[in-house]
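Working notes for the structure below.
The values are calculated or read from the model by the stated rules, or taken from the named source; none is laboratory data. Because the structure is predicted, anything quoted here is derived from the model rather than measured. Note that each Cβ is placed from the backbone with ideal geometry, even for glycine, and that neighbours are counted across all protein chains shown. Just the protein is used for accessible areas: all its heavy atoms, side chains included, with ligands, DNA and RNA removed. Shrake-Rupley method; radii C 1.70, N 1.55, O 1.52, S 1.80 Å.
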Amino acid sequence: MPAEVQRIKGTKLPDAPPSSGDHTEARLLEPVATVVRGVYRLFLVGLVVGAVGPLVGTKLGLTWGGPNVCAESRSDFSTDGFTGRFRPHAGVEVMTRPSYCTDHADGAQRLFDFLGGFPSLLLVLGILFLLNRLIQGASREGVFTTRTAEHLRIAGWWLLLGCLVAEVVEAGAHAALLATLTQDYTFTADSWLAAWQPPYALVFTALGILTFARIMRAGVAMREDLEGTV
């Protein structure tokens, strides 16, 4: 058997897509790749400014909640003494949603106010980090790879579990803060549950990402099988 034929038969298929197709596959990530990179960098800059600003005495610091601590009631009340700009017609009932604020909040109230928004911030930061890592790996190694499918699966699980945990923590913090600002409202399991708003959109989005990651992983396996038979 000629040496050239032996070299051809002994050649192994590459594990990653050929480099000539890297640019083509990278274009498949647009425009999400550009948007995620830009938002992720702006987000990091905002966090740095928010952390460093108060230390250097500038007004660029992102103080959480400002000097006042507020909690909005999630129950509507009827009022007949409306004196706003848009006065209702006769027979029209005006519904209002009061907001309770204090400018002398104690440590517990400020903690509840912090927990009322920080989990969502952490969720956004995490999903941006995971998507940025996914895009970097896909741009470097190719879109249709096992690693890309795995990164997509991790992002889906982070979004699914993170949105549920964030909403539960924020609902509890909101109910606890409201209980400290009102006289007739107490913090109970029922008030916690009443403040909880299921994140339906994020849950279905996360389930869609997990399903797509599973489909993508199966497609990668089929591609490897086809390449192995050539």
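Be a star and scan segment 92-136 for residues whose amide nitrogen sits under 20 Å from the point 7 Å along the Cα-to-Cβ vector of LEU161.
118-134
What nm value, rounded to one decimal, do you get for the distance between VAL124 and VAL32 when each label is placed 7 Å out toward the C-beta?
2.0 nm
Given R₀ = 41 Å, FRET efficiency for ASP106-THR211 by Cβ-Cβ distance, to 0.05?
Once the sixth-power term is evaluated, E becomes 0.30.
Report the extension gain between ARG223 and PHE114 in nm, rounded to one decimal, defined as 0.36 nm multiplied by the number of residues separating them, less their alpha carbon distance.
Extra length from ARG223 to PHE114 when fully extended: 34.4 nm.
In whole percent, and with a 1.4 Å probe on the protein chains, what portion of the accessible area of segment 115-204 is carbon and sulfur?
Of the solvent-accessible surface of segment 115-204, carbon and sulfur hold 70 percent.
Going by average Cβ density within 10 Å per residue, which order do the peptides 129-138, 193-202 take, highest to lowest?
Averaged packing, sorted descending, gives the order 129-138, 193-202.
For VAL94, what residues show an amide H to amide H distance below 5 Å, using hydrogens built from the backbone and excluding near sequence neighbours?
Hits under the 5 Å cutoff: THR79.
Taking θ as phi - 60°, what are the ³J(HN,Hα) couplings along segment 114-120 by the Karplus curve (6.51, -1.76, 1.60), each to the nearest whole Hz, with x for Gly and Pro?
Running phi through 6.51 cos²θ - 1.76 cosθ + 1.60 with θ = phi - 60° gives 5, 5, x, x, 5, x, 5 Hz.
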